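Below is one structure, written out as structure tokens, with a few remarks after it.
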Amino acid sequence: MNPNNERRIVQLPTGQIADSHGWDMATHRHVCEPCNAWMGSEYEGPASALIRTLNTEHATLTLSPDDQLLLVNWVYKTSLMLECTKPVGPGVERGECIRFRNRGQPPSDCSIILGFCDHEALAYHRALITTGRDKRIGYATTMVVGRLFFHVLGDTRTLNPHDRLFAGHLSRGEIVRLYPRTGQPVVWPLAGYFTKDAVEVLANFAGVPFEFIT
């Protein structure tokens, strides 16, 4: 979703574009009352305030381990809900939603990083990671919220794949791993930021084309 005067352009996971003429199109309060209430009170409300703060120009703060877990759970929760809306393709098993509600964190083979972008948008892109024989070995998700971007590698059956794949960005402090948890505070802002093109390259990690609308 890219701000454009009073219009809001929604960029769907398929790459399709929908003009919402406002934010109401992205609000679904009556999908499932018990789950909606639980996810809203535990993740959506608290995380929204933190995300707004991180998107504030010149914001300076320290993300505690609890702050980081809040962001992790918000990203994973939002990814689960968006997967449930897909008309085709692999959906989310009910058992994973139940596990997430009971455990309060993603599975151990899920890795989530946070970065900052010079391009403001609201977009979501998920692609399956496959071998040459089309065997699924995981998925890659990019979520952009304002100038924050989250990158998720899941179902990889390996620990901390970001540490190996993006070691340079991590070592320079341009991105930070939120999950699996490090137990260390994160000083914000980060040491660097990604350009619009760099985020698009990251989103295309699994080989499925993605470009921002503007």
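Throughout, read-outs are computed from the coordinates displayed, never taken from laboratory work. None of the values given here were measured: they were computed from a predicted structure. Note that each Cβ is placed from the backbone with ideal geometry, even for glycine, and that neighbours are counted across all protein chains shown.
Across the stretch 152-161, rounded Karplus estimates of 3J(HN,Hα) from the backbone phi angles (6.51 cos²θ - 1.76 cosθ + 1.60, θ = phi - 60°) give 10, 10, x, 6, 8, 6, 8, 9, 6, x Hz, Gly and Pro being marked x.
The fewest-to-most ranking of F149, F116 by surrounding Cβ atoms within 10 Å reads F116, F149.
Scalar couplings 3J(HN,Hα) for the stretch 163-170, obtained by applying the Karplus form with A = 6.51, B = -1.76, C = 1.60 to θ = phi - 60°, are 4, 8, 7, 10, 4, x, 4, 5 Hz; x denotes Gly and Pro.
Neighbour counts of C-beta atoms inside 10 Å place C117, C84 in the sequence C84, C117, starting with the fewest. Start at zero, step by 10 Å, and the Cα-Cα distances of the stretch 32-203 spread as 9, 39, 38, 13, 1 percent across the bins. With semi-axes defined as the square roots of five times the eigenvalues of the C-alpha gyration tensor, the equivalent ellipsoid of the stretch 128-214 measures 23, 18, 10 Å, largest first.
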